[in-house]
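Enquirer: Pasting a structure below so you can have a look.
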């Protein structure tokens, strides 16, 4: 059951870029207005309808479709616009990218963005959640990079009780928990990992993902609740002069 989100008192500027700051205020990632606008619109609609799940998994059919970037953008928008706490958990051990994004423009190393070894260290008992969580410059947004997990034990970890317990604990700590799941076509681990969420968003890169691949992914995930689709890197052919007269919200 989705928790009720509370919007902050100030009105967000939908047509401007949004910056995710680091703990000391340095910019980590700057999301352009073209990215923020549709994602903020989606988040606002889901929250206002009471449909935003407590645990939202983001997944793609193929690798390199922008799931981690999209998940981080949604997490930043939620934390910036809403009063609740937000946690982003990277479950993609086959192609982790959150630590690199979290290192950001400040130039800090990926190790600093994934202290104590990330989620891999927590699930194998080498670190606690408090040690592994990375708090950002937004006081209500924390990240948990995947870290490095040996390929030989991934299948067991992904399907084991310990990972489910960690996700449950995180869900109890945060009002909104976002799960960055690996691509369905890349690993069979994606299916049990996607089921750790209450609902799914499918990320599709425009002009790259064949329809048959999307259909196959949807078939594999048919037991999950599909919340919607995010069309990543979409290009609109409408001339800018005409766009000025079309409501973007």
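Enquirer: Distance in nm between label sites at residue 33 and residue 135, each 7 Å beyond Cα in the beta-carbon direction?
Expert: According to this spin-label approximation, the distance is 3.3 nm.
Enquirer: Also, quick follow-up: If the chain between residue 226 and residue 26 were fully stretched, how many nm would it gain, using 0.36 nm times the residue separation less the Cα-Cα distance?
Expert: 68.4 nm
Enquirer: Also, quick follow-up: Can you give the extra length, in nm with one decimal, that the chain gains between residue 216 and residue 124 once fully stretched, where that is 0.36 nm per residue apart less the Cα-Cα distance? Don't skip to the answer; put the middle values down first.
Expert: Values: separation 92, 0.36 × 92 = 33.12 nm, distance 3.25 nm.
Difference between extended and current length: 29.9 nm.
Enquirer: Where the eigenvalues come from the Cα gyration tensor of the range 103-231, what are the semi-axes √(5λ) of the equivalent ellipsoid, largest first, in whole Å?
Expert: 26, 18, 15
Enquirer: Output the relative contact order of the range 49-186, whole-number percent, from Cα pairs under 8 angstrom with separation of 6+ residues.
Expert: RCO, the range 49-186: 42 percent.
Enquirer: Would you please classify the overall shape of the range 123-177 from the alpha carbon gyration tensor, given that a ≥ b ≥ c denote the square roots of the eigenvalues, rounded means a/c under 1.5, and beyond that prolate means a/b larger than b/c while oblate covers the rest?
Expert: prolate
Enquirer: How far apart, in nm, are the 7 Å Cα→Cβ label points at residue 186 and residue 94?
Expert: About 0.8 nm, to one decimal.
FYI, it's all coordinate maths here, none of it is from the lab. The shown structure was predicted, so the numbers you read here are calculated from the model rather than taken from an experiment. Note that each Cβ is placed from the backbone with ideal geometry, even for glycine, and that neighbours are counted across all protein chains shown.
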